[in-house]
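Single-structure report; data block below.
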Amino acid sequence: MYAALKKEEDRDDQRSIERSFLSKFNQWPHVFNLANCIVGVSMLAMPYCLQQCGILLGTILIGICSLLTKITCHLLYQGALLTRRRSYESMASHAFGSNGKRLVELLMILFLMSCVISFMVVIGDIGPHVLADYLELQAPTQRLRILVMVVIFLFVILPLSLFRSVTSLSKINSVTVFFYGLFVLRMLVECIPRIFNCNWSTDIRWWRQEGLLTSLPIISMALSCQTQLFCVTESITEPSAAKVDTVVSGAVNICSSMYAAVGLFGYVAFHDVELYGDILLYLQSSLLTQLMKLAFMLSVAVSIPLMLFPSRIAFYNLLKSDACEYAMLRMPSLIFVSLTVFLLSSCLLAAVIVPNVEFILGITGATIGCLVTIIIPSLLFLSISRGIEQYRALMFYAKVSIIIGSLMLIGSTWAVLHTEQETNVVDIILPKQIDNERVEIALKNLEKFKTDDNSTKLQNTFSRGKQNEETVTSREEKWKGKQNVGTVTNEETKTLLHGIKEKRKAQSNILKKQQTIADGPKKHKELMEMVTMTGIWKMNASSERTEEINV
């Protein structure tokens, strides 16, 4: 009895000490580092996930996956404290032996490299669209996509990946997390006009269980940070379970809130179209949108080095025979640079071959993601804490996590493999299409211009015909006067006949011009026929009178 009370007092003292340490602990640099490890390209796929499974079911899945991430991270770090190990791989070596350690390292490499590939795919989606809009192309070509990915790889990703410490990237990470918050506001602005339209509430899906297995692996992978946990906690001074839980909880809460907000606002804003893995492709083209795309592309590029830290260490330990217990390994400079270039180049090649971000996120989260982030951490804790009475509650959580992870592994893999994939990359350079509204306005202006031109020509023709009629009438009056007087001579008759011939030629030219103008607007046809018939009738009348005179 006394021993039990003593243990309880020791626990209370330890909790009070931890509270005092937590009050002096500045968790925000570590929260931003871990949040930037979590958030990334998966944010762009959240509207797609909510469209697949509905708003209510999608929000519930985000909450369940965030809770699952907190539990597995706590299990992982508690296991590290029990075994006095400081890396994921060394814990696997302690629990499963050397073969288990190598299997875990291989799975970690595949998981993290698939994350990097998905990041590069998004860079290949965003960058070429901005450049294609600048070059007045209808859609980005494969060559343009590869060019943008190579340039970002050489001048942004590779230099940042050569940093040896995570703390050197903390300021950049805080800026990127702040930008992700601005992206949430941008999606809210896009959503506001649709909210005031009452039709959206009936058009959207609130609950669709058919898309559960498709969305669950993407959301689960979007909130995973187990593989980068030790790289972030290594920079904490005097780390403890309470400090790590505080950092993990803060980072996961921030990312979950942003995921739910982007998913909700993006789905409501574009509920009338079929969404795919990159919501940025659906934003209207403008200067603000292009700047947003560039900033998001650079934020994604900054997140890649954080994925590369644990994968580079795991790959180095996989090649070495002796195990390493530390999360931040000091490897030779030549090997460090060589591994960095090799891993990033391999990811770049894979991103060029597979341009579908939702397929990569889905298949990775359904297979390797379930193993590395849920099943293996729970198995490690069960193996390490076997026989320890005080961890019985955590052992129960670990067993539940294994069951959930196994169901996700089987069901989600089947669902992702049976989902049809599409790409938005073309192979032929096409000029940029003009808006239909602009085309209609241009055609109306052109038609109006032609109508005005034809009206002017018709008016000129009508005035000329009228002048000719007046001339013929005046000469007829003169002829009548001379006939009444009886003083007509042969020379005057010849002159009059010559004038009539000239007028016939003029009338013939007028008829040709009228025939050309007749191809214009239909509303002028009747007027032209009247002018033509009047001229012909008067011409015939003058001819008959001339014949009578000759007779």
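In this structure, does Leu158 turn out to be under 26 Å from Cys225 (Cβ atoms), free of Cβ contacts under 8 Å to residues at least 12 places away in the same chain, of a type outside the set (Gly, Ala, Ser) and assigned by the TED database to the domain that holds Cys225? Outline the logic, then answer.
Working: under 26 Å from Cys225 (Cβ atoms): yes; free of Cβ contacts under 8 Å to residues at least 12 places away in the same chain: no; of a type outside the set (Gly, Ala, Ser): yes; assigned by the TED database to the domain that holds Cys225: yes.
No: the conditions fail for Leu158.
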Test: residue in region 132-154 that is modelled with pLDDT under 85, over 17 Å from the mean Cα position of the chain (by Cα), within 30 Å of Ile313 (Cβ to Cβ) and in the same structural domain as Tyr259 (by the TED database): no
Across region 398-412, what is the number of residues that are of a type in the set (Ser, Thr, Tyr) and surrounded by 17 or more Cβ atoms within 10 Å (Cβ to Cβ)? 2
Can you tell me how many residues in region 194-212 are touching a residue at least 24 places away in the same chain (Cβ under 8 Å) and not charged (D, E, K, R)? 8
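Which residues, taken from region 279-295, are small (Gly, Ala, Ser) and either free of Cβ contacts under 8 Å to residues at least 60 places away in the same chain or outside the structural domain of Gly263 (by the TED database) (or both)? Spell out how you get there, then give the answer.
So the first thing to find is which residues in region 279-295 are small (Gly, Ala, Ser), and the list is 285-286, 295.
The one that is small (Gly, Ala, Ser) and either free of Cβ contacts under 8 Å to residues at least 60 places away in the same chain or outside the structural domain of Gly263 (by the TED database) (or both): Ser286.
Does at least one position in region 258-271 carry a residue that is more than 18 Å from Ser215 (Cβ to Cβ) and among the small types (Gly, Ala, Ser)? If you could, list the steps in order and put the result at the bottom.
Kept after step one, since they are more than 18 Å from Ser215 (Cβ to Cβ), are these residues of region 258-271: 269.
Still in the running and among the small types (Gly, Ala, Ser): 269.
Yes, the conditions are met somewhere in region 258-271.
Just to be sure before I move on: is Trp206 in the same structural domain as Ser114 (by the TED database), touching a helix residue (DSSP H, G or I) at 6+ places or on another chain (Cβ under 8 Å) and more than 14 Å from Pro47 (Cα to Cα) in the structure I sent? Step through it out loud before you land on a result.
Values: in the same structural domain as Ser114 (by the TED database): yes; touching a helix residue (DSSP H, G or I) at 6+ places or on another chain (Cβ under 8 Å): yes; more than 14 Å from Pro47 (Cα to Cα): no.
It is false that Trp206 is in the same structural domain as Ser114 (by the TED database), touching a helix residue (DSSP H, G or I) at 6+ places or on another chain (Cβ under 8 Å) and more than 14 Å from Pro47 (Cα to Cα).
When region 254-281 is examined, which residues are found to be among the acidic types (Asp, Glu) and surrounded by 19 or more Cβ atoms within 10 Å (Cβ to Cβ)? Talk me through it step by step, then tell me what you get.
As a first pass, look at region 254-281 and keep what is among the acidic types (Asp, Glu): 272, 274, 278.
Residue satisfying the conditions is Asp278 alone.
The values are calculated or read from the model by the stated rules, or taken from the named source; none is laboratory data. Source: prediction; values computed, not measured. Cβ atoms come from the backbone with ideal geometry, glycine included; neighbour counts cover every protein chain shown.
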